[in-house]
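The block underneath contains the structure these notes are about, expressed in structure tokens.
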Amino acid sequence: MKATAMTDPKLGSLLKGLVADYAELVKARLTFLVLLSTLVGFVMGARGGIDVGLMIHTLFATALVAAGAASLNQWLEREADAKMQRTRDRPLPSGRMQPQEAVVFGTAVSLIGIIYLAVSVNALASLIAFVTLASYLFIYTPLKRLTWLNTVIGAVPGALPPLIGWVGARGELSADGWVLFAILFFWQMPHFFAIAWIYRDDYKAGGFAMLPVVDPDGASTGRLSVFHAMTLVPISLMPGILGMAGVGYFLSALALSCAYLGFALQFNRRKTNRDAWWLFGASIAYLPVLLSLMVFDKLPR
């Protein structure tokens, strides 16, 4: 009897491992957050009813660009990843995947995604996706070895996906869309400072100039986490103030953002890994809840 992927345990295990490796290469969880913010941008930017077909095109193309960016980022950082405990088992540094596989895959899906956006959505959405990809790979990634300001600069491409969605739905940029950008930008800073604090020894071993590496007592890391979380409070309220969402969103955003600030204050006060983990966990919960509330309470415009 001929063995198939369904009946041969070895082949099934091989395929499962391959899928897992590609999921790690494209940073599936990060890509999911990118798509979530893109979806929210599309829904908030839509006038009247939502064009489901256009939304699917926008999300599919954005997923390709995000997957390609993650793959190329890991290709560029494969040697540094091999020096860090938390990343040494990734497909490239572990040797389970060859560098040429990652660079060909990443380049191909990125280009397909950018072209697909231009053809199926609009040229402006494609341009924003290209700027996101280029700034992530060619500005943020090399700066990680040079200055702790890489986190600030890296927050820009991290905050652009909702604008892809906004422009995908509306065909133009507007002040309301930039509010979504600002929310993502300021949310990211405590999130990444917490990660960098937890893995500061790893980042040092990998040669990355993250803030906690050059700020061993955590004074600046804590203060900047509080500053950005504090700034996020009024910015998170802007959709309610500008009429993008209703009173329910406004009150919920106020409570959520103050809670997020509370975790940042606690981290700044004690600067322990435990408090950094609490801040990181709060950041992971904060964003999808806030964005979901925004969509749920969207006002017709």
**Request:** Please work out the FRET efficiency for the pair residue 258 and residue 172, using the Cβ-Cβ distance as r and a Förster radius of 25 Å; give the result to the nearest 0.05.
**Result:** 0.15
**Item:** Rg/Rh for the range 249-301, where both radii come from Cα atoms and Rh is the Kirkwood radius
**Value:** 1.12
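Calculate the dipole size of the range 176-301 relative to its Cα centre from +1 charges on Lys and Arg beta carbons and -1 charges on Asp and Glu beta carbons; express the result in debye to the nearest 20. Walk me through the numbers before you get to the answer.
Details: 9 positive and 7 negative charges, 29 e Å.
Dipole magnitude for the range 176-301 comes out near 140 debye.
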**Asked** How high is the FRET efficiency from residue 147 to residue 28, r the C-beta distance, R0 22 Å, rounded to 0.05?
**Response** 0.15
**Request:** Please build a GNM for the chain, connecting alpha carbons under 10 Å apart, and tell me which residue among 185, 60, 193 fluctuates the most.
**Result:** 60
**Message:** Can you show me the helix-derived [θ] at 222 nm for the chain, built from DSSP H runs with n ≥ 4 at -39,500 (n - 2.57) apiece and divided by the number of residues, rounded to the nearest 500.
**Reply:** -25000 deg cm²/dmol
**Message:** Using Cα springs under 10 Å in a Gaussian network model of the chain, which residue among 264, 125, 108 shows the largest mean-square fluctuation?
**Reply:** 108
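Write out the trypsin sites (Lys or Arg not before Pro) in the range 122-204 meeting two conditions: DSSP loop, and at most 14 other Cβ atoms within 10 Å of their Cβ.
145
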**Prompt:** Under a 1.4 angstrom probe, counting protein chains only, how are 238, 244 ranked by accessible area, largest first?
**Reply:** 238, 244
**Message:** Just to be sure I understand: with springs between alpha-carbon atoms less than 10 Å apart, which residue in 175, 196, 209 has the highest mean-square fluctuation in the Gaussian network model of the chain?
**Reply:** 175
**Dipole of the range 70-214, positive end: most advanced residue of 143, 163, 107 [Cβ charges, Cα centre]** = 143
**Request:** Mind grabbing the accessible area of residue 230 for me, 1.4 Å probe, Å², rounded to tens?
**Result:** 110 Å²
**Asked** Which one, [x] 192; [y] 144; [z] 221, gives volume of the Cα convex hull per residue in Å³ as derived from the coordinates shown?
**Response** [y]
**Asked** Taking the Cα-to-Cβ direction at residue 115 and at residue 227 and moving 7 Å from each Cα, how far apart do the two end points lie in nm?
**Response** 4.4 nm
**Asked** Placing +1 at every Lys and Arg Cβ and -1 at every Asp and Glu Cβ, with all other atoms neutral, what dipole size does the chain have around its Cα centre, in debye to the nearest 20?
**Response** 420 debye
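The values are calculated or read from the model by the stated rules, or taken from the named source; none is laboratory data. The structure displayed is predicted, hence computed values, not measured ones. Here the Cβ is made from the backbone with ideal geometry for all residues, glycine too, and neighbour counts use every protein chain on show. Side chains are part of the model used for accessible areas, which takes the heavy atoms of the whole protein and leaves out ligands, DNA and RNA. Shrake-Rupley method; radii C 1.70, N 1.55, O 1.52, S 1.80 Å.
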